[in-house]
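Below is one structure, written out as structure tokens, with a few remarks after it.
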Amino acid sequence: MSAAETHWLAPAVYPALIAFVCAVVVFLWRKILEVRSVNRAVLAEIQRLIKVVKIHRNWWKDRMDKKDTDYPLIPFSHPVYDKQVQNIGSLNGAVVVRVVRLYGYLDFLNSMQEARQEHIKARKSDEFNAMYLGVLDKFLSQFETAFDKEFEGLD
């Protein structure tokens, strides 16, 4: 038996094997970058939303103090989350529960804003105003610092 016959792989197989390994590495690298991008995008949106809710809460408190709350309430938008919700499994496992809770709370705030007109019709504006401020305060107490560790790498 010659040395070529005892070789377990034919020389022509090596380039195909190298190409396959390279394709797997490139695929895995792209997947890692995609997951990282989804995480960063959702966290950046959360950072923005927390800031917006805080500004809105302070503005609403000021309007209440001045007894001048006859302004429209604009819903909190979250287009990044809406687009990435199907990729929720791509989020870092350490934050996924907090992310879902935060967005659920935001949707609750938006629902409260929609229900405001019913309170006005029932002449319960003051009740709504206080309840809404309380919900904004609760949101901030639960989420204002909840993602600080994750926000460190964003800026």
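Summary table below
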quantity: Cβ-Cβ under 6 Å pairs, at least 6 apart or on other chains, the stretch 86-115 side among the small types (Gly, Ala, Ser), far side part of a helix (DSSP H, G or I); calculated: Ser90/Val35; Ser90/Val38
quantity: In the stretch 116-155, residue farthest from Ile46 (Cα to Cα) [restricted to those that are of a type in the set (Val, Ile, Thr) and part of a helix (DSSP H, G or I)]; calculated: Ile120
quantity: Of all residues making up the stretch 58-108, the number that are out of contact with any helix residue (DSSP H, G or I) (no Cβ under 8 Å at 6 or more places or on another chain), of a type outside the set (Gly, Ala, Ser) and within 18 Å of Gln142 (Cβ to Cβ); calculated: 3
quantity: Test for Glu34: is it among the acidic types (Asp, Glu), under 28 Å from the mean Cα position of the chain (by Cα) and at pLDDT below 85; calculated: yes
quantity: Breaking point among (1) exposed (fewer than 10 other Cβ atoms within 10 Å of the Cβ); (2) more than 30 Å from Asn39 (Cα to Cα); (3) of a type in the set (Gly, Ala, Ser), for Ser125; calculated: (1)
quantity: Members of the stretch 89-137 that are touching a His at 6+ places or on another chain (Cβ under 8 Å), closer than 16 Å to Met64 by Cβ and among the hydrophobic types (A, V, I, L, M, F, W, C); calculated: Phe128, Leu136
quantity: Residue list for the stretch 51-86, filter: under 11 Å from the mean Cα position of the chain (by Cα), in a helix (DSSP H, G or I) and surrounded by 11 or more Cβ atoms within 10 Å (Cβ to Cβ); calculated: Val80, Tyr81, Asp82, Lys83, Gln84, Val85
quantity: Near pairs, Cβ below 7 angstrom, 6+ apart or cross-chain, from the stretch 134-155 (touching a residue at least 24 places away in the same chain (Cβ under 8 Å)) to any residue that is in a helix (DSSP H, G or I) and among the small types (Gly, Ala, Ser); calculated: Leu154/Ala44
quantity: Any chance Val42 is among the aliphatic types (A, V, I, L, M), closer than 28 Å to Glu150 by Cβ and in contact with a Phe, Trp or Tyr (Cβ under 9 Å, 6 or more places away or on another chain); calculated: yes
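The values are calculated or read from the model by the stated rules, or taken from the named source; none is laboratory data. Just so you know, these numbers come straight off a predicted model, no measurement behind them. Counting neighbours? That spans all protein chains shown, and the Cβs are built from the backbone with ideal geometry, glycine included.
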